[in-house]
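The next block holds one structure in the form of structure tokens; read it before the comments.
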Amino acid sequence: KPMPAEEIGSEENIARVVASMKLYHSINKFPGFFSPFRVAEEYAKTAHSYKVKLPHNIDWILDRSAEIEKAMYANETLTLRPCHNDLLNGNFIDDGNRVRILDWEYAGMGDIFFDLVNFAIQHDFNDEQDEILLQAYFGNPTDSQRAHQKLMKIMSDLREAMWSQVQI
């Protein structure tokens with residue numbers, strides 16, 4: 001059955017979704033590659049090629065995106081893991097035992113934090129739910145993981161915003 005949007009943010013359901021995420025995050029290799037940084041850049045190019053009037057400060061926005069990427073990976077190497085990258089509510093089914101995740105068209109090797117924050121953003125998580133999510137995934141999250149989450153939230157929003165420009 002579908003998972004109602006108003007129920008998916010409960011502590012129990014967050015843990016169930018995280019359990020499903022961890023299953024595919026643990027696979028060694030997945031076809032494809034996904035980076036919200038590259039996607040935002042490519043979507044900007046695509047929109048521009050169709051003469052979509054992008055925000056006047058798009059270059060500044062993409063420069064901030066590059067700064068975020070540099071900050072996120074300055075002191076740690078990104079370990080690419082299989083990621084779904086499109087965790088909207090319609091992509092979850094509860095089979096009674098496990099939360100199944102559908103619609104893998106954006107899947108590829110990437111940063112697990114994008115999956116975590118994309119799930120959170122798509123379900124309007126508040127700060128408390130964000131912390132529950134990190135605890136469900138990492139047990140005892142570090143300040144670095146919390147910072148990574150906050151920066152990646154910006155990138156998830158930017159990816160969505162640039163997708164809307166492509167749709168125009």
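The values are calculated or read from the model by the stated rules, or taken from the named source; none is laboratory data. Since this is a predicted model, take the numbers as computed values, not measurements. With ideal geometry, Cβ positions are generated from the backbone for all residues, glycine too; neighbour counts draw on all protein chains shown. Note: accessible area is taken over every heavy atom of the protein model, side chains too, but ligands, DNA and RNA are not part of it. Shrake-Rupley method; radii C 1.70, N 1.55, O 1.52, S 1.80 Å.
The figures follow:
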quantity	calculated
Scope region 28-65; condition under 29 Å from THR142 (Cβ atoms), in contact with a helix residue (DSSP H, G or I) (Cβ under 7 Å, 6 or more places away or on another chain) and of a type in the set (Gly, Ala, Ser); matching residues	ALA40, SER65
Search result, residues across region 59-112 that are of a type in the set (A, V, I, L, M, F, W, C), free of Cβ contacts under 8 Å to residues at least 24 places away in the same chain and open to solvent by less than 50 Å² (accessible area, probe 1.4 Å)	LEU62
Every pair of residues 6+ apart whose Cβ atoms lie under 7 Å, when the first sits in region 113-129 and is touching a residue at least 60 places away in the same chain (Cβ under 8 Å) and open to solvent by less than 50 Å² (accessible area, probe 1.4 Å) while the second is assigned to a helix (DSSP H, G or I) and of a type in the set (S, T, N, Q)	PHE114/SER156; LEU116/GLN149; HIS123/ASN89
Single unsatisfied condition, ALA136 versus (1) within 11 Å of the chain's Cα centre (by Cα); (2) open to solvent by 30 Å² or more (accessible area, probe 1.4 Å); (3) of a type outside the set (Asp, Glu)	(1)
Residue count for region 48-58, restricted to those that are open to solvent by 50 Å² or more (accessible area, probe 1.4 Å) and outside any loop (DSSP other than H, G, I, E, B)	2
Residue among LEU116, LEU87 that is assigned to a loop (DSSP other than H, G, I, E, B), within 14 Å of the chain's Cα centre (by Cα) and at pLDDT 95 or above	LEU87
Condition check for ILE14: open to solvent by less than 70 Å² (accessible area, probe 1.4 Å), within 19 Å of MET155 (Cα to Cα), part of a helix (DSSP H, G or I) and touching a residue at least 60 places away in the same chain (Cβ under 8 Å)	no
